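Colleague: Before anything else, here's the structure in question.
The values are calculated or read from the model by the stated rules, or taken from the named source; none is laboratory data. Please read these numbers as outputs of a predicted model, since none were measured by experiment. A quick note on method: Cβ atoms are made from the backbone with ideal geometry, for glycine too, and the neighbour counts reach across all protein chains shown.
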């Protein structure tokens, strides 16, 4: 074969494949390799977006599913950001966004196309927007969240990248946007790994896509980036407002005002654009009974922002939790960010209001927004409804504690959550983790997150949901179940022999049939947090564990456990309030069959009755958020006919149908506790 002139990359590929490369030949560039791109990191969080001039980019976006990554720039097969268009009809172009399928933004891609239900991988989102000539303003491309890795291209050029789902990020595009039509492309990858936050295995659906609002936000050239508003002294009604501004000269005047109270405070920005105002105002305190909110106005230069806030304090004293100086029990419920009666991720204020209204109907005054940051609409709705909130990041189960990039991702996520919601009076607890096994690297990792969080916001409590149970405590509980089983009688020879052997092995420590147990939380992390949160599943998982350990059937152990729970007391080594952050049992709505059968509504309700009796008799317990308000999607739950890829521990099913346990908890919350 003879080829005249320089070889194109295509001919290099053809000749390499057909003829091989002779010994001593120069190594050629790999035509299949992706182009290495240096992406810009997202800007420092832009706060108060709902008070700014903006244009929504929500709506239908064109998408191309790309599991092989052929759309990466430089790819031999594509390079989607160039968005090539055919002109003569003879160009070989193997993609076309103009004819590609459409998906709704905000929203996840898993629930919008049945073919993508289990999909974890790359998808390219594309749309155009119009822009006019910018005069004395800056333009920011703002994403409420993108799960989990987002690479953004504007007009064919790399704009930036953000890794980590659930939290907002933005890029200033003033010098990159063009007058007229602009092409915006975002490659989303919802794959998780051993080093990501969260890790690959989660007991919730790892929804992918542009799951929150996308906005073009306009600011003046000199603007206020964010502001933090807090009541710092309850008795004197002293308020502190911190401002972080961009582009202003040192000595620039700014002011803060509460128009309703005719209160104004002037301040001066320093050389970094920062300023602080401290003043008193006769505000009524925000509470669950009276969720009073005020409009506060912040001005500097041409910037004028408004924030609707409530003023309250939250603290602990010994084993008590104090809201506005008064003891409060947290009568709560856990949630996931899935709407009632609709598929996929909850993304709108209507979705948030639906979930929180159901919590109010339950009689709750507190909601644990587990296990990751929810949309900004959730905390705003809670402010209006008078519900307290627990906000959390997905440091969950088997995090890579010694990986620096993992820690960096977690710190970024926690920081963006705190800076977004630190003006929400409803948020009273920042949670840094859920169910993480003890190790020294874990302690160092979480200590860093706790220190970061307190440095950003010292006006709220910090916690982490601790993993319940230990081998030693479980062994002790098994001896009590053995004593009760033998005393109750009616056992078969196998069960009798096993229980007798357990008590014999316990020797002098063997309990009586009326014995009790103190479950003492001794995780060292309890020393670092303000509230000791504890996940426990007496009546559900523990009986299955004990059955595997002893060889006794669950049909024998579960009734014994249910009877024994009233004699269990939850305590902690530290003199701090305990919050039971999870307990519960699974049930399929409409499945009936009595208290002796799991997955039935009756069994779930009986677990709740036994839990309530146990926790009512545990004086250090000052709150609870049972697991969970409604059934939610989970890949870990495949049991056909019952779970069908739902976690069925909800007090309601996915459509809002209430199970028997809903009324059990509602009755308890209506009582004094």
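Colleague: Restricted to segment 35-94, and to residues that are under 27 Å from the mean Cα position of the chain (by Cα) and assigned to a helix (DSSP H, G or I), which residue is farthest from residue 120 (Cα to Cα)?
Modeller: Per the criteria, the residue is 51.
Colleague: For segment 95-105, does any single residue satisfy the condition of being at pLDDT below 95, in contact with a helix residue (DSSP H, G or I) (Cβ under 9 Å, 6 or more places away or on another chain) and part of a loop (DSSP other than H, G, I, E, B)?
Modeller: Yes, that holds for at least one residue.
Colleague: What tally of residues in segment 447-470 results from selecting those that are outside any strand (DSSP E or B), in contact (Cβ under 8 Å) with a residue 60 or more places away in the chain and out of contact with any helix residue (DSSP H, G or I) (no Cβ under 6 Å at 6 or more places or on another chain)?
Modeller: Total satisfying the criteria: 6.
Colleague: When you scan segment 94-111, how many residues do you find that are exposed (fewer than 11 other Cβ atoms within 10 Å of the Cβ) and either out of contact with any strand residue (DSSP E or B) (no Cβ under 8 Å at 6 or more places or on another chain) or under 19 Å from residue 68 (Cβ atoms) (or both)?
Modeller: Counting residues in segment 94-111 that are exposed (fewer than 11 other Cβ atoms within 10 Å of the Cβ) and either out of contact with any strand residue (DSSP E or B) (no Cβ under 8 Å at 6 or more places or on another chain) or under 19 Å from residue 68 (Cβ atoms) (or both) gives 2.
Colleague: Determine whether segment 302-311 contains at least one residue that is in a strand (DSSP E or B), free of Cβ contacts under 8 Å to residues at least 12 places away in the same chain and closer than 30 Å to residue 662 by Cβ.
Modeller: Let us first name the residues in segment 302-311 that are in a strand (DSSP E or B), namely 303-309.
Imposing the further condition that a residue be free of Cβ contacts under 8 Å to residues at least 12 places away in the same chain reduces the set to 304.
Then keep just the ones that are closer than 30 Å to residue 662 by Cβ; that gives none.
Checked segment 302-311: no residue is in a strand (DSSP E or B), free of Cβ contacts under 8 Å to residues at least 12 places away in the same chain and closer than 30 Å to residue 662 by Cβ.
Colleague: Among 542, 534, which is the only one that is in the same structural domain as residue 435 (by TED's automatic domain parsing), outside any loop (DSSP other than H, G, I, E, B) and modelled with pLDDT of 95 or more?
Modeller: None of the other options fit; the residue is 534.
Colleague: Being surrounded by fewer than 21 Cβ atoms within 10 Å (Cβ to Cβ), part of a helix (DSSP H, G or I) and in contact with a helix residue (DSSP H, G or I) (Cβ under 7 Å, 6 or more places away or on another chain) is the requirement here; does residue 664 meet it?
Modeller: yes
Colleague: Taking the condition at pLDDT 95 or above, more than 27 Å from the chain's Cα centre (by Cα) and outside any loop (DSSP other than H, G, I, E, B), does residue 296 pass?
Modeller: Answer is yes for this residue.
Colleague: Yes or no: segment 557-565 includes at least one residue that is touching a residue at least 24 places away in the same chain (Cβ under 8 Å), touching a strand residue (DSSP E or B) at 6+ places or on another chain (Cβ under 7 Å) and either in the same structural domain as residue 370 (by TED's automatic domain parsing) or farther than 30 Å from residue 489 by Cα (or both).
Modeller: no
Colleague: Are any residues in segment 511-553 touching a strand residue (DSSP E or B) at 6+ places or on another chain (Cβ under 9 Å), closer than 24 Å to residue 444 by Cβ and either touching a residue at least 60 places away in the same chain (Cβ under 8 Å) or surrounded by 20 or more Cβ atoms within 10 Å (Cβ to Cβ) (or both), and if so, which ones? Walk me through how you get there before you give the answer.
Modeller: In the first step, residues of segment 511-553 are kept if they are touching a strand residue (DSSP E or B) at 6+ places or on another chain (Cβ under 9 Å); the result is 511, 516-523, 525-526, 528-538.
Those still in the list that are closer than 24 Å to residue 444 by Cβ too: 521-523, 525-526, 528-535.
Result: 521, 523, 525, 526, 528, 529, 530, 531, 532, 533, 534, 535.
Colleague: Next question. Taking the stated definitions as given, is residue 597 in contact with a helix residue (DSSP H, G or I) (Cβ under 7 Å, 6 or more places away or on another chain), buried (at least 21 other Cβ atoms within 10 Å of the Cβ) and either outside the structural domain of residue 207 (by TED's automatic domain parsing) or closer than 30 Å to residue 492 by Cβ (or both)? Can you show your working first?
Modeller: Working: in contact with a helix residue (DSSP H, G or I) (Cβ under 7 Å, 6 or more places away or on another chain): yes; buried (at least 21 other Cβ atoms within 10 Å of the Cβ): no; either outside the structural domain of residue 207 (by TED's automatic domain parsing) or closer than 30 Å to residue 492 by Cβ (or both): yes.
Spelling it out, it is not the case that residue 597 is in contact with a helix residue (DSSP H, G or I) (Cβ under 7 Å, 6 or more places away or on another chain), buried (at least 21 other Cβ atoms within 10 Å of the Cβ) and either outside the structural domain of residue 207 (by TED's automatic domain parsing) or closer than 30 Å to residue 492 by Cβ (or both).
Colleague: Same structure, new question: Any chance segment 307-318 includes a residue that's modelled with pLDDT of 95 or more, over 19 Å from the mean Cα position of the chain (by Cα), surrounded by fewer than 17 Cβ atoms within 10 Å (Cβ to Cβ) and under 21 Å from residue 263 (Cα atoms)?
Modeller: Checking segment 307-318: at least one residue is modelled with pLDDT of 95 or more, over 19 Å from the mean Cα position of the chain (by Cα), surrounded by fewer than 17 Cβ atoms within 10 Å (Cβ to Cβ) and under 21 Å from residue 263 (Cα atoms).
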